[in-house]
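Notes for the one structure printed next.
Each reported figure results from applying straightforward, stated rules to the coordinates on display, with no laboratory input. Not measured: the values here are computed from a predicted model. Note: ideal-geometry Cβ built from the backbone for every residue, glycine included; neighbour counts use all protein chains shown.
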Amino acid sequence: MSKRFGPSLYFASDKVIFDSLIQHQVGADQIRELLSARGILVSTKTPKEELAQYASRLTTDFFDHQMIARQLGRVSKRERITYSEIKQTVQRDQIISALKVLEDKLEEQGCNADVIEANGRIVAQIDYESIDYSKSEFRQVQPMDAVIEFSLDAATGNYVVRSTQNQFTDGAVDVVFAELSKASGSAVERSRITLEGHANHVLRTQFFERMMKGIFGHTFLTVTDAYCFKPKNRGAIDDDDSERELEDQPYVEKVSLRGEGVNRSFVFDGLTKNDYYIVKVVWRVRPIDQADSDIFELEAQFSKPESCTDFSYQAKSVLICEAGRITDRKRPPHRAEQDVLIRCIEQAAKDAYKSLGE
């Protein structure tokens, strides 16, 4: 859960309410509804700002604040997924028991959690609130949801864990594994995709290039976004004069490229020659057997660019095609499409990682 310093909402002043009501997310009809609940009828021709000014002078209660907060709430974004493979054999009952312990702990904190078994998967669905005091007053508390999924890998016979990647969910997963370790009598270890052991910038970029082109059943089309990183090397600094001289030199740590085929541009080539490597990428693929199908936009990244750890990914969006031509319209991927693409990205990432040692 995010905790940053900033304004804190102890009460909603007239100015806070007015500033909130004039936001474009709050329509004039919502303000008229707020006034109507108090027996105040207004003309549909009354300007929104005048309605907001009048309504802000009235006494508002908890439910009024909730209505305003809902209107100003951020649009829920689909979060990236991260996964790990359990190295040891754990039992289904142990997983359910560990998730039940998590469920109890979260409910004590005021969160809602449900453990569900379906289609061979054990899933914990969590509803919680993210608090960020750096936001404006009515945006500080945002409803969020998280998913932790255990599914059996037919190839290895061990469980694979998938979860939304954020600080809250990572902490919840740690609680589950602490309970699993307690039940097993020894630490339950997980394997993850990480390039921490491959410090060479060429190999780190090769990982992304091979992963993008390795999506099973899909043809690689283009890269639309590439985020490159170069850590600042301070290992060669021996004295204060050398450090001062290095600090005076121009240095760019992160570079973002956006467009079509950015990985084939001369700018990208120049970056790789200067020890930059990819840490995040957005690319497009299309099913091999459907030349006129919609195009899938995928995303993968390492959240910690210097060490290349905390790997996560998602099926970002779908570009709609009509009559064999790509349109500007997009849609979110369907659940079935997400399930297939997520597993394809996982397998491509594993294959790309293994190939680095060849």
Study note, to complete from the structure: The helix 167-184 Cα axis meets the longest alpha-carbon principal axis of the chain at an angle in degrees, between 0 and 90 and rounded to 10, of 60
Practice item. Would you work out the charge dipole size for segment 14-72 about its Cα centre, treating the Cβ of every Lys and Arg as +1 and the Cβ of every Asp and Glu as -1, and quote it to the nearest 20 debye? Key: 100
Point to revise | Ranked by how many other beta carbons lie within 10 Å on average, peptides 88-101, 40-53 from highest | key: 88-101, 40-53
Revision key, fill the gap. Here Rg/Rh (Cα, Kirkwood) for segment 81-191 equals 1.02
Review point. Among 261-272, 169-180, how do they line up from the highest to the lowest mean number of other beta-carbon atoms within 10 Å?
Key: 169-180, 261-272
**Study point:** Net dipole in debye of segment 81-191 [+1 Lys, Arg Cβ; -1 Asp, Glu Cβ; about Cα centre; nearest 20]
**Key:** 340
Practice item. Report, ordered by chain and residue number, the lysines lying within cross-link reach of Lys100, taken as a straight Cα distance under 20 Å and ignoring same-chain residues fewer than 8 apart. Key: Lys182
Exercise for review: Report the extension gain between Leu203 and Ser303 in nm, rounded to one decimal, defined as 0.36 nm multiplied by the number of residues separating them, less their alpha carbon distance.
Suggested key: 34.2 nm
Check your understanding: Taking the Cα atoms only, what angle lies between the long axis of helix 335-355 and the longest principal axis of the chain, rounded to 10 degrees?
Key -> 30
Study note, to complete from the structure: Under Stokes-Einstein, segment 201-355 at 37 °C and 0.692 mPa s, with its Kirkwood radius over C-alpha pairs, diffuses with a coefficient in µm²/s of 192
Check your understanding: With r defined as the distance between the Cβ atoms of Asp269 and Phe63 and R0 fixed at 51 Å, what FRET efficiency is calculated, to the nearest 0.05?
Key -> 0.30
Practice item. Enter the Cα centre distance for the pair segment 255-288 and segment 338-358, rounded to the nearest angstrom. Key: 19
Check your understanding: Which of the peptides 337-343, 305-311, 195-201 is most tightly packed, and how do the rest follow, going by the mean number of other Cβ atoms within 10 Å of each residue?
Key -> 305-311, 337-343, 195-201
Exercise for review: Determine the dipole magnitude for segment 280-345: charges of +1 sit on the beta-carbon of Lys and Arg, -1 on that of Asp and Glu, nothing else is charged, the reference point is the Cα centre, and the result goes in debye to the nearest 20.
Suggested key: 120
Review point. So what's the angle, to the nearest 10 degrees on a 0 to 90 scale, between helix 62-72 and the longest Cα principal axis of the chain?
Key: 50
Revision key, fill the gap. Rounded to the nearest whole number, the Stokes-Einstein translational diffusion coefficient of the chain at 25 °C and 0.890 mPa s (Kirkwood radius, C-alpha pairs) in µm²/s is 102
Point to revise | Under 28 Å from Lys316, Cα to Cα: lysines that are on another chain or at least 8 residues apart | key: Lys3, Lys77, Lys135, Lys213, Lys230, Lys254, Lys280, Lys304, Lys330, Lys350, Lys354
